[in-house]
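Worksheet: one structure, shown below.
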Amino acid sequence: MRLSKEALSIKVVVRRARRGTTPFVWEINRDSMPEPVYVSPEAFVSMEDAFRAGQARLAEFTPTRGSIPEVADLYAEVG
């Protein structure tokens, strides 16, 4: 499966959001947007746990090849 440029610009970022025993949250960020697309509602004990949870949800925010037409597909429809 080929990823679109838009899909490549979406990533998971883990950051420390608070103090305490569960300080880490994950965010879905898009290069073209200054604010996160989504921030996890739950916090995690470790960066690794937060990253795994963010990666699991990343597919929901990543456009698939079928949802956005590629340029070659648009030309095929015209021609």
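Descriptive notes on the structure:
- Restricting the first member to the stretch 33-48 and to residues that are of a type in the set (V, I, T), and the second to residues that are not in a strand (DSSP E or B), the beta-carbon pairs closer than 7 Å and six or more apart or on different chains are V37/F61; V45/T21; V45/T22.
- Among the residues of the stretch 35-66, those identified as part of a helix (DSSP H, G or I), modelled with pLDDT under 85 and loosely packed, with under 12 Cβ neighbours inside 10 Å are A59, E60.
- Residues that are surrounded by 16 or more Cβ atoms within 10 Å (Cβ to Cβ), assigned to a strand (DSSP E or B) and among the hydrophobic types (A, V, I, L, M, F, W, C) were ranked within the stretch 9-28; the one that is farthest from the chain's Cα centre (by Cα) is F24.
The values are calculated or read from the model by the stated rules, or taken from the named source; none is laboratory data. Keep in mind that what you see is a predicted model, and the values were worked out from it rather than measured. In this analysis, Cβ positions are derived from the backbone assuming ideal geometry, glycine residues included, and neighbour counts consider all displayed protein chains.
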